[in-house]
Amino acid sequence: MSQHDPLWQRFRGRTWLTTGHSDSPLRAFDALDEAFVDHWPGERVAVVGERFGSLAVHRWRQTKSVVIDSACGRAAMNSASTKNEVHAEFHILSDLDPWTQINDSIVLRAPQAVALFRWRLARAWQLAPTGSKVLIGARKKDWSSGHQQVVDQLLNDVQTVDTNSRLRVLQGRLERGEETDDVPWRSYQALGDTEIWSLPGVFAHGRLDGGTRQLIEALDLSFAGRDVVDLGAGPGVLAAAVAERGAKAVIATDDSALAIGSCERTLAPWSDIVTCLHSDVGETLEAGCADVVLCNPPFHLGRAQSGHIVDAMLLCARRALRPRGQLWLVGNRHLDHGRRLKRFFASSKVARSELGFEVFVARR
Ligand SMILES: C[S@@+](CC[C@H](N)C(=O)[O-])C[C@H]1O[C@@H](n2cnc3c(N)ncnc32)[C@H](O)[C@@H]1O
């Protein structure tokens, strides 16, 4: 099986694509999707925070809009629609789009980041007609007092729908709230006085990650005249570092629409040389497009620790690099990225090892 062969699962009589990755530990649906299906709130529903489309496609006749952040999730949702011969015409939205089409009941999978949860529920609160039903769910271990505070502020008639001891599923009603254009951006200064912008839910929202800092400090090559890819760019801080050091062209790519929105703002000073791509593991990158690839890969997917995405990124980096091109990669020491690199690259070495992080440089 290749990295991108689909993996199909059965759920409530239909067939679902899990993700594009054959060895992915992710499931197309989980106990929370089951609870949402069982407590579905109405005939016109917006699914906010959809993952791989199983909920929207399963309930396609009643789903009108879907807010989905992940490029991989969008692809899985399209494949599931085709495979199940579902001819749904959802409005597919990201957090960056206007949500003017959302004037329905809402099913909301609460993200771990409270700031993102607050923003999403507040937007629904501004748009949905008074009295709209809302069904909110999360795993109990992802539900904090901050989530509860948001619910207490914005929902009326809240009831707990106890379907499973490991889930928090609530239903309530929205009173229409005041409209505001506030987007909860955060920024900090790095690399001198460059402003690094991020939306909630984006990696290291509002602060410089320790691993990212190690990678920036370790980069000891000249970028002048070089084409660079920032793979899994998050708020775009690595891309900004090389744009500032004179790179010829920079591609910042990420699976998350929130991350790409953040990159676009961070990298606006270099918009003439930077391209921001919303794509799963850079799958829209052309082979041989880069002299240097920079990567601080994710190793957690939700709460699951997973190496499959690191492997997918290494494969992508190898494909994107020109002969003698370099991959610069950072990770926590215990993740043993050195072992993984040996599988995909002709040579690799540790360029820096400090504060629990290892920075590697690898050549094709
Ligand atoms: C550890 S963060 C690093 C972010 C940024 N490079 C930094 O150092 O601050 C990893 C990034 O990979 C992105 N990511 C996760 N899965 C991905 C995938 N399948 N394809 C592309 N990017 C992905 C995440 O959205 C996240 O922004």
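Considering only residues in segment 251-262 that are closer than 16 Å to residue 293 by Cβ and out of contact with any His (no Cβ under 9 Å at 6 or more places or on another chain), the one that is surrounded by the fewest Cβ atoms within 10 Å (Cβ to Cβ) turns out to be 251.
Matching residues to (1) assigned to a loop (DSSP other than H, G, I, E, B); (2) in the same structural domain as residue 267 (by TED's automatic domain parsing); (3) under 26 Å from residue 38 (Cβ atoms):
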site: 96; (1), (2), (3): yes, no, no
site: 117; (1), (2), (3): no, no, yes
site: 125; (1), (2), (3): no, no, yes
site: 148; (1), (2), (3): no, no, yes
site: 153; (1), (2), (3): no, no, no
site: 180; (1), (2), (3): yes, no, no
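A single entry from 160, 212, 180 fulfils the requirement of being closer than 23 Å to residue 326 by Cβ and among the hydroxyl-bearing types (Ser, Thr, Tyr): 212. Of the residues making up segment 213-255, those that are more than 23 Å from residue 71 (Cα to Cα), among the polar types (S, T, N, Q) and within 11 Å of the ligand (Cβ to nearest atom) number 1.
Among the conditions (1) farther than 28 Å from residue 32 by Cβ; (2) away from the ligand (no atom under 13 Å from the Cβ); (3) more than 24 Å from the chain's Cα centre (by Cα), the only one that residue 191 does not satisfy is (2). With respect to (1) in contact with a Cys (Cβ under 9 Å, 6 or more places away or on another chain); (2) open to solvent by 80 Å² or more (accessible area, probe 1.4 Å), the lone exception for residue 130 is condition (1). Whenever a residue of segment 311-334 is under 15 Å from residue 242 (Cβ atoms), its partners that are within 11 Å of the ligand (Cβ to nearest atom) and small (Gly, Ala, Ser), lying with C-beta atoms within less than 8 angstrom and at least six residues away or across chains, give the pairs 320/282; 330/211. Does residue 198 satisfy the condition of being away from the ligand (no atom under 16 Å from the Cβ) and surrounded by 20 or more Cβ atoms within 10 Å (Cβ to Cβ)? It is false that residue 198 is away from the ligand (no atom under 16 Å from the Cβ) and surrounded by 20 or more Cβ atoms within 10 Å (Cβ to Cβ). So, residue 281, is that one buried (at least 18 other Cβ atoms within 10 Å of the Cβ), touching a residue at least 40 places away in the same chain (Cβ under 8 Å) and at positive phi or not? It is true that residue 281 is buried (at least 18 other Cβ atoms within 10 Å of the Cβ), touching a residue at least 40 places away in the same chain (Cβ under 8 Å) and at positive phi. Looking across segment 53-87, the residues that are of a type in the set (A, V, I, L, M, F, W, C), modelled with pLDDT under 85 and touching a helix residue (DSSP H, G or I) at 6+ places or on another chain (Cβ under 8 Å) come down to 80, 86.
Among the residues of segment 324-340, those identified as modelled with pLDDT under 95 and either away from the ligand (no atom under 14 Å from the Cβ) or on the phi > 0 side of the Ramachandran plot (or both) are 324, 333, 334, 336, 338, 339, 340. Looking only at segment 223-238, residues that are touching a residue at least 40 places away in the same chain (Cβ under 8 Å) and either within 18 Å of residue 265 (Cβ to Cβ) or in contact with a helix residue (DSSP H, G or I) (Cβ under 6 Å, 6 or more places away or on another chain) (or both) come to 11 in all.
The values are calculated or read from the model by the stated rules, or taken from the named source; none is laboratory data. In this text, all values refer to a predicted model and were calculated from it rather than measured experimentally. When we count neighbours, we look across all protein chains shown, and the Cβ atoms used for this are built from the backbone with ideal geometry, even at glycine. Just so you know, the surface numbers come from the protein's heavy atoms only, side chains and all, with ligands and any DNA or RNA stripped out. Shrake-Rupley method; radii C 1.70, N 1.55, O 1.52, S 1.80 Å.
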